[in-house]
Every structure is written in structure tokens, then in C-alpha cells.
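Structure, as C-alpha cells:
The values are calculated or read from the model by the stated rules, or taken from the named source; none is laboratory data. Quantities reported herein were computed from a predicted structural model and do not represent experimental measurements. Heads up, the Cβs are rebuilt from the backbone with ideal geometry, glycines too, and the neighbour counts pull from every protein chain shown.
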């Protein structure tokens with residue numbers, strides 16, 4: 001195997017045809033086809049099937065692409081760093097964050113950060129906690145914010161912010177008139193909840209079980225923003241991180257405290273074998289400042 005074969009494989013996966021892959025790589029279609037055959041022979045894997053005139057990737061090809069993309073992320077980061085240093089001499093900052101921060105507080109933080117460092121190159125990657133953790137561990141991200149359930153092996157991790165879960169619903173919901181909601185108030189209401197793999201969801205299930213409330217969600221979803229959107233449009237009640245819920249308040253979402261309290265916990269992550277950069281520390285400080293203005297939270 002060689003890099004040119006891997007490059008051809010990635011191009012075909014991205015474009016879907018050897019012709020378009022050839023244009024992307026600035027070579028010929030026969031050359032791309034030859035590289036793909038060589039790559040399949042060297043890897044001893046069947047990577048593509050011909051389907052209606054197009055190359056359909058096999059499950060093995062899709063799995064392999066994920067590993068290839070990780071390598072390309074590293075190469076892209078090197079190229080970006082070179083270009084940034086050549087053009088401005090300032091440096092760059094790659095941030096990884098769970099959606100509860102990436103879709104709420106961090107846009108405001110980035111605005112303040114770029115006002116302070118207008119020539120800095122900054123990237124924000126919003127993804128699951130495990131992806132953020134892996135990105136920090138491999139030094140693809142300079143700083144990360146992930147939910148507490150991650151495996152912290154290979155990263156520097158410390159508690160960063162704790163938020164208290166809230167219930168959300170539209171204005172017409174019968175529970176919207178209450179000052180706060182207790183677990184038993186949710187009995188019989190269609191529930192919009194995070195998926196069962198989430199730590200806070202498991203804690204919520206325990207609270208509901210203690211109140212003898214059957215946990216039969218109408219909808220389970222990965223993102224709190226989806227929970228809020230469902231609550232706005234539907235007849236159910238969602239339980240989410242208040243950081244996300246606050247962004248929907250202007251659209252009419254009603255937000256109520258939940259009793260007893262259930263908490264979301266977010267950890268701050270840095271690469272294990274390198275000290276944080278000055279830009280990363282500055283960004284961390286701006287996040288702390290922004291969170292101080294929020295309600296329902298505790299900062300470590």
C-alpha cells in the first residue's frame with residue numbers, strides 16, 4: 001500500500017465515481033481505477049461494487065474511510081498551521097465541544113475571542129463527548145468540553161460546569177402554569193428525552209422511577225436542541241440542559257425547574273502530553289466569563 005492508493009480511495013469515496021475522483025486528484029480515470037485495484041489487492045478487501053454505473057462502497061470501505069479521514073484531519077491541521085503562521089504569525093486554536101455548549105454559549109465566546117485576536121484561526125467542532133475526547137487525546141483539538149461520562153485516559157480532565165436540568169414545553173401545555181415541576185407531574189405526559197446512553201438520562205430515569213412515574217418517552221433523541229424543538233411543536237414535555245433551552249425561550253418555549261434536581265456535568269479537556277497554549281487558556285477564560293451570566297449552573 002502507498003499514499004497515492006489511499007488518496008485515490010478517499011477521492012472515490014467522496015465523489016462516488018472514478019471520473020470525478022480523477023478530476024479531484026488532477027489525474028486520469030484509468031489511473032484512479034488502477035490505484036483502486038492495487039489498493040484492494042494490497043489490502044485484500046473488496047471495497048467497491050458496481051451498482052447502476054456507479055461504484056457502491058462496501059461496509060468495509062465505509063469503516064476504512066473513517067480511519068483514513070482521521071489521518072487526513074491531521075494532515076489538514078498541519079497545512080492550516082503552516083498557512084496561518086505564514087500569513088499572520090499568530091497561530092490557531094481548534095476547539096471540540098458537546099452541542100449543549102457548542103450551540104449555546106460558544107458562539108458568543110468565539111465572537112469575543114476573535115475581537116481580541118482578529119488574526120487568529122479558530123475552528124469549532126461540535127460532536128459527541130467521545131469524539132471530543134478522542135480529538136483532544138490525539139491533539140486534533142487544543143481544548144475540549146465533554147460530558148462527564150467519557151473515559152479520561154489519555155487526556156487532562158477536570159470538572160468545569162454543572163447545570164441543572166429543566167423541563168420544557170409550549171405555552172399551551174397544562175403544566176406551563178406551574179412554578180416548577182416535580183417528577184410526579186410528568187406522569188402520563190408524552191416525554192421528549194435524551195437517549196438512554198446519556199448519564200443524565202439515566203439519573204432522570206432513577207428520579208422518575210423513585211416517583212413511580214413510568215418512563216415511556218414519546219421520542220428519544222441525541223440532541224437537546226431537538227428535544228426543545230419537539231416540545232415547542234408538540235404536546236409533550238422535554239427534559240434538557242438549560243444552556244440549550246435558553247436559546248429557544250425567545251421562540252416561546254416555557255422553561256421550568258425540575259424537582260428533585262438532576263444535573264448535567266461538563267468536563268474541561270486538554271491534551272495529556274502538552275501544556276495548554278496561551279490561546280487555549282484565553283478561550284477557557286472567556287467561556288468561564290460567559291457562563292457566569294447564565295442561570296441554573298455551577299462553575300468548578
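Between 199, 132, which is outside the structural domain of residue 248 (by TED's automatic domain parsing) and touching a residue at least 40 places away in the same chain (Cβ under 8 Å)?
Among 199, 132, only 132 is outside the structural domain of residue 248 (by TED's automatic domain parsing) and touching a residue at least 40 places away in the same chain (Cβ under 8 Å).
As an exercise: evaluate residue 232 against (1) surrounded by fewer than 21 Cβ atoms within 10 Å (Cβ to Cβ); (2) under 19 Å from the mean Cα position of the chain (by Cα) and give the number of the one condition it does not meet.
Checking residue 232 against (1) surrounded by fewer than 21 Cβ atoms within 10 Å (Cβ to Cβ); (2) under 19 Å from the mean Cα position of the chain (by Cα), the one that fails is (2).
Please verify whether residue 181 is buried (at least 19 other Cβ atoms within 10 Å of the Cβ) and either in contact (Cβ under 8 Å) with a residue 40 or more places away in the chain or touching a strand residue (DSSP E or B) at 6+ places or on another chain (Cβ under 8 Å) (or both), treating the condition exactly as stated.
yes
Report, by residue number, each residue of the stretch 159-209 that is assigned to a helix (DSSP H, G or I) and under 21 Å from residue 129 (Cα atoms).
Those that are assigned to a helix (DSSP H, G or I) and under 21 Å from residue 129 (Cα atoms): 199, 200, 201, 202, 203, 204, 205.
Testing residue 289 on (1) under 24 Å from the mean Cα position of the chain (by Cα); (2) at pLDDT 90 or above; (3) assigned to a loop (DSSP other than H, G, I, E, B), one condition comes back false. Which one is that?
The number of the failed condition is (3).
Show me the helices (runs of 4 or more DSSP H) found entirely inside the stretch 1-108 where at least 1 residues are under 30 Å from residue 282 (Cβ atoms) and modelled with pLDDT of 80 or more.
Hits in the stretch 1-108: 99-102.
Quick grid of which residues meet (1) in a strand (DSSP E or B); (2) crowded, with 21+ Cβ neighbours inside 10 Å; (3) at positive phi; (4) modelled with pLDDT of 90 or more:
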position: 215; (1), (2), (3), (4): no, no, no, no
position: 226; (1), (2), (3), (4): no, no, no, yes
position: 238; (1), (2), (3), (4): yes, yes, no, yes
position: 247; (1), (2), (3), (4): no, no, no, no
position: 250; (1), (2), (3), (4): no, no, no, no
position: 256; (1), (2), (3), (4): yes, no, no, yes
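Which ones in the stretch 104-123 are touching a helix residue (DSSP H, G or I) at 6+ places or on another chain (Cβ under 6 Å) and either surrounded by fewer than 21 Cβ atoms within 10 Å (Cβ to Cβ) or not assigned by TED's automatic domain parsing to the domain that holds residue 291 (or both)?
Residues satisfying the conditions are 108, 112, 121.
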